[in-house]
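Take a look at the structure set out below.
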Amino acid sequence: QVQLVESGGRLVQAGGSLRLSCAASGRAFSNYHTGWFRQAPGKERDFVAHISWSGGTTYYADAVKGRFTISKDNAKNTVYLQMNNLKPEDTAVYYCAAGHYYSTAVNDYGYWGQGTQVTVSS
């Protein structure tokens, strides 16, 4: 079992950069795959990126490919999402999730953080 807490969300201008962090409390964090999802106002929760438990494999949604980078530090029990060249359409609450599957599906993740707000001004 693992508990997740996101941080780093804030207001940023279009074209700017931001790094989100997800801190895990469980000692077995390194055994989980981890993903980032986002939910914009009036929209459903969408996949952003995920990383394998070892950190060796990553995958990105087309909308963020080339701009976002997911990484993981098992020694620090932390997952990161580096976001560059931000656009107004990136505005959303960003959630960190952990699970036993390497997947883009919301339902395949059993553990979720509380979310952190990212707002990109135009």
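The values are calculated or read from the model by the stated rules, or taken from the named source; none is laboratory data. Note that the structure is a prediction, hence the values are computed from the model and not measured. No Cβ is skipped: glycine too gets one built from the backbone with ideal geometry, and neighbour counts run over all protein chains shown. These accessible areas exclude ligands, DNA and RNA; they are computed on the full protein's heavy atoms, side chains included. Shrake-Rupley method; radii C 1.70, N 1.55, O 1.52, S 1.80 Å.
The alpha carbon convex hull volume per residue for segment 8-122 rounds to 92 Å³. Annotation: per residue accessible area for segment 19-122 equals 50 Å², rounded to a whole number [probe 1.4 Å, protein chains only]. Each residue of segment 65-79 is assigned a 3J(HN,Hα), and the resulting list reads 4, x, 10, 10, 9, 9, 8, 8, 10, 5, 5, 9, 6, 9, 10 Hz, derived from the Karplus form 6.51 cos²θ - 1.76 cosθ + 1.60 (θ = phi - 60°), x at Gly and Pro. Here the 3J(HN,Hα) profile of segment 100-113, calculated from phi with Karplus coefficients 6.51, -1.76 and 1.60 at θ = phi - 60°, is 8, 10, 8, 8, 9, 8, 4, 6, 8, 10, x, 10, 9, x Hz, Gly and Pro shown as x.
Could you compute the FRET efficiency for residue 89 and residue 10, with r as their C-beta to C-beta distance and R0 at 25 Å, rounded to 0.05? Please report the intermediate quantities before stating the final value.
Numbers: r = 17 Å, r/R0 = 0.69.
The calculated FRET efficiency here is 0.90.
Once the other residues with Cβ under 12 Å from the Cβ of residue 33 are scored (Lys, Arg +1; Asp, Glu -1), what is the net sum? Combined, the nearby Lys, Arg, Asp and Glu give 0. In segment 1-87, Cα pairs under 8 Å separated by at least six residues give a relative contact order of 33 percent. Whole-Hz Karplus values for segment 86-95 come out as 5, 10, x, 5, 7, 4, 4, 8, 9, 10 Hz, taken residue by residue from phi with 6.51 cos²θ - 1.76 cosθ + 1.60 and θ = phi - 60°; glycine and proline positions read x.
The P(r) of segment 47-112 has a tail past 15 Å containing 53 percent of all C-alpha pairs.
Sort 85-91, 17-23 by packing, meaning the average of other beta carbons within 10 Å per residue, with the highest value first. Mind dumping the intermediate values first?
Details: 85-91: 15.9, 17-23: 18.1.
Highest-to-lowest ranking by the protection proxy: 17-23, 85-91.
By accessible area, using a 1.4 Å probe on protein heavy atoms only, the chain has 45% of its surface on carbon and sulfur.
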